1. With N residues in segment 330-398, what two-decimal value do you get for its Cα radius of gyration over 2.2 N^0.38 Å?
2. Among the listed pairs K230/K289; K145/K230; K289/K327, which have their C-alpha atoms separated by more than 18 angstrom in this model?
3. For segment 5-55, report the accessible area per residue in Å² (1.4 Å probe, heavy atoms, rounded to an integer).
4. Using just the alpha carbons, could you tell me how many Å³ per residue the convex hull of segment 4-251 encloses?
5. For the chain, what is the calculated [θ] at 222 nm in deg cm²/dmol (nearest 500), taking -39500 (n - 2.57) for each run of four or more DSSP H residues and dividing by its residue count?
6. Tell me the Rg and the Dmax, in Å, that the Cα atoms of the chain produce.
7. Quick one: the Cα spread of segment 265-412 along its three principal axes, in angstroms, biggest first?
8. Above 20 Å lies some portion of the pair distances; for segment 252-349, what is it as a whole percent of all C-alpha pairs?
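The values are calculated or read from the model by the stated rules, or taken from the named source; none is laboratory data. Just so we're clear, the structure is a prediction, and the values are computed from it rather than from any experiment. Side chains are part of the model used for accessible areas, which takes the heavy atoms of the whole protein and leaves out ligands, DNA and RNA. Shrake-Rupley method; radii C 1.70, N 1.55, O 1.52, S 1.80 Å.
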Amino acid sequence: MASFRFIHAADLHLDSPFIGLRGLDDGMRSFIQDSTFRALERLVRLAVSEQVDFMVISGDIYDSSNISLRAQLRFLDAMESLAREGIAVYVIHGNHDPLDSAKLAVKLPPNVQEFGAEPSRVTAVRRSDKREVAQITGMSYPTSKVTDNIALTYPQATRELYHIGLLHANVDGDAQHETYAPCTRKDLSQAGYHYWALGHIHTRRMLQESPYIVYPGNIQGRHIKETGPKGCYVVDVDEGYNTVLSFHELDSMRWSLVQAPIDGCGSVDEWRQYLERTLGQVAEENREKLSLVRVMITGRSPVHRQLENGYVLDELLSEMRRREAAKAKTQGYGGCVWIEGFALQSGDVLDLDRLLAEDSFAGELLRLARKEQSEQRLLADDGIVPYALAPLMEHAEIRALLERMPAEELLDWLRRAEELTLTLLTQESKRGEGAGI
Ligand SMILES: [Mn+2]
């Protein structure tokens, strides 16, 4: 047995299109557009500087089955750089880049081993002395939709060498991702491998340590649901097969949710100053990166009424973006903060506890809204949301949009509706009192 080191990366999603980002100037757009390529370059540099023996990539190298030539050529470049260093790369393809994808045949250098549509096994060697160190088993998706438990078709481990399984799959049914190649940790443990190098789930996750079952996450976040540091694992295996993982960041721009409560703010400008300070801290913490943030506006104060009025936030957004774009032109994208959007979840000043206990129409409404704000209720046939959406569901295009809408967005609507109705109702009763009714 001999010690060795490898990199486990997955879900590169090269040339991801970043659709749906609005208000970008050309410079910012191309910086964002190139982010997956920059992460790939960093991955190559890391492999060289860490002197790894080989690299495994667990699927979704490319972003779509209609693979761009640009993405293929960049990947080719990266693989050639690794070839010059004598670093072998073992690759499987996933649901985004299955074997039947339309791509031009760019021939990869011989240091790259791509697995086919059936599980197969190859032996990896240590770079320095060519000693055999690991058995690598993997298979690629033949088509984009693989719904069988393919993990069960992987051959059992032999007694020789360290066993690594490359698998693009949804392990233990993560509801946030498509359930391709569904399997359980138990299925994987039974194969007798030492390390399952997974891909597909974009959130970094160590599912188990004995054997290791690991999602490294993608190498560059692509939207607001992919927050936090993104990168890959460098894995060290010693003579006794003791395995140590260390995570390395590869992203050059980072998504995050930023809370900006309005509690205690007497004016929009007071809140704006508070927001500027908060974003200043984000910039400070990410001086080498572009930060892409969604500002969550929470809390209660009279400022809510002004923010609810649309144009205030629209204008603030475009001004803050304009300023950051100008800053980027002079000092680069490191330390810039781009607001992806505002999420208005705040409310006017209301005594909710009193209202909840009150025997009034507003009280009854609040109790009903609270009851509906659970995901089970949201999806229940007799819930208020299906009832309220029924007229819209008759329109085919709107129905298609609504059916794709995540539950959290529907909950957001419900909260906004609750807030608006309560504000109107309580204003109404205040006016009533004033008029002596
Ligand atoms: Mn993926």
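1. Values: Rg = 19.5 Å, N = 69, 2.2 N^0.38 = 11.0 Å.
Cα-based Rg divided by the globular estimate yields 1.77.
2. Numbers: K230/K289 12 Å; K145/K230 26 Å; K289/K327 13 Å.
Pairs exceeding 18 Å: K145/K230.
3. Values: 1920 Å² over 51 residues.
So segment 5-55 comes to 38 Å² accessible per residue, rounded to a whole number.
4. Details: hull volume 29.1 nm³, N = 248.
Measuring per residue, one finds 117 Å³ for the Cα hull of segment 4-251.
5. On the way: 13 runs with 160 residues, N = 437.
Roughly -11500 deg cm²/dmol at 222 nm, from the helical runs in the chain.
6. Spelled out, the Cα radius of gyration and Dmax of the chain are 26.0, 93 Å.
7. 56, 40, 26
8. Values: 1622 of 4753 pairs.
Here the tail beyond 20 Å accounts for 34 percent of pairs.
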